[in-house]
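The values are calculated or read from the model by the stated rules, or taken from the named source; none is laboratory data. Keep in mind the model is a prediction, meaning the values are calculated, not measured. Cβ placement follows ideal geometry from the backbone for every residue including glycine, while neighbour counts extend to all protein chains displayed. The accessibility values were calculated without ligands, DNA or RNA, using every heavy atom of the protein model including side chains. Shrake-Rupley method; radii C 1.70, N 1.55, O 1.52, S 1.80 Å.
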Amino acid sequence: MWIVRPALVVALIGVGACGRSDTPAATTTDVHATPSITDAPVPPDASGAPPVDAAAPSADIEIESLSEDGFFGHVFTADGAAIAMLDWKPCVLCQHADILRIARVTQDKLVEEEQLNLGTHAGIPGLAIHRDLLVVHAEANQLSFYARDGVHWRERPAVTLAARCSYSDDLRVWLGDRVLAIGGVHDWCVYEQRAGRWELAKTLSRDTWSSGIAIAGDRAVVHNWRRAEVYAQRAGVWTRTARVESPDENTSFWNVAASERWIVFRAIGSGNVTTLYVYDLAHDAKLAASLELAGDDADAGFAVDATTLAAAGVQDRRWRFDGTTWSEDRPIEGANRNGFYSRTVAIGDLIWIGDTARTITNAPPGFIHGFRID
């Protein structure tokens, strides 16, 4: 279900069955209409989270789950005008029937371009989109690809992962310019597209780089609790171009996000203070900003692009880069209807923030909220 607020204007720029189907959907919503919406009641929160104000400002776009479950809004990815998301239905033996939904914001229309049934899986699939290519990791040893063809997405040949790169549980995948990364049992694995084929180009030991990896353009950023290294690809050769150290011995890099220019770590320091550390790849990976967050929500999502940084948490916040410094922008409000702090964030032409349901059944549906950047 799509709910589009009247505030969205032309200035915006850029199920339960197993098995696989390829049935296109082309659902459009006219933003000049005024659809009705009733805010669902907020269930009790045993963790002590503050109550959600039903009258709080709303997002410019709200994407609602196809069903009431606790998963929608957790796995999605965005690039430019496109957003791809998984809509899950509870299935037998703790598995889930995964519906892949792909949509695009085009002028004054919100168009759902595709719905694909990915079958039933026990783990949480990984998902990444870059330009007109989408990659899905739903099987332990396989990557599935979809390419945009007009207004539809067509499946492309799958890639069988090397044994060191296979994984059978929750997993993220990253996609850049002819480069992708995935976390395996033994290594972080970087694949490179060569002559139309995806080939394993580099492995990075998870014994050394225990925390994570991110891909931005033709760069890979890999880190542990205390340091990170940046690798760049030139003519098929991967070379380390920068190293980043934790600001002090009491600060741990928890998660990473990256863009062509920026590396951002969500880190925990003394007293469980959570801070976003922003490093500038255009200036030898020097520290460009330290942005302190409210609370110790280290697992909450965040994302960065050339000029925008957004982070979910106790408060959902955003910052803008003016060419010289990072400054906090107006707050993001209305993205936490269900009361969770740890939520997924992605940046395309809009800032997207997930808002998963609080329980598996009989709960308010999950949402993905979209906020205009300008």
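Points to keep in mind about this one:
- Matching option when the condition is at pLDDT 85 or above and either buried (at least 21 other Cβ atoms within 10 Å of the Cβ) or touching a helix residue (DSSP H, G or I) at 6+ places or on another chain (Cβ under 6 Å) (or both), among Asp187, Asp132: Asp187
- Restricting the stretch 259-283 to residues that are part of a strand (DSSP E or B) and in contact with a helix residue (DSSP H, G or I) (Cβ under 8 Å, 6 or more places away or on another chain) leaves a set whose member that is farthest from Pro247 (Cα to Cα) is Trp262.
- Across the stretch 247-294, the qualifying residues are those that are closer than 20 Å to Trp174 by Cα and among the aromatic types (Phe, Trp, Tyr), and the one among them that is surrounded by the most Cβ atoms within 10 Å (Cβ to Cβ) is Phe265.
- Beta carbons closer than 9 Å, at least 6 apart along the sequence or on distinct chains, pair a first residue in the stretch 324-343 that is farther than 26 Å from Tyr279 by Cβ and at pLDDT below 95 with a second that is among the polar types (S, T, N, Q) and open to solvent by less than 30 Å² (accessible area, probe 1.4 Å) for Asn338/Thr356; Phe340/Thr356.
- When His121, His74, His137 are screened for being modelled with pLDDT under 90 and open to solvent by 40 Å² or more (accessible area, probe 1.4 Å), only His74 passes.
- Number of the exception - Trp209 against (1) open to solvent by 20 Å² or more (accessible area, probe 1.4 Å); (2) touching a His at 6+ places or on another chain (Cβ under 7 Å); (3) assigned to a loop (DSSP other than H, G, I, E, B): (1)
- Screening the candidates Asp299, Asp305, Asp355 for the property of being of a type in the set (Asp, Glu), open to solvent by 50 Å² or more (accessible area, probe 1.4 Å) and under 16 Å from the mean Cα position of the chain (by Cα) yields one hit, Asp299.
- Test result for Val135, within 23 Å of Gly80 (Cα to Cα) and assigned to a strand (DSSP E or B): yes
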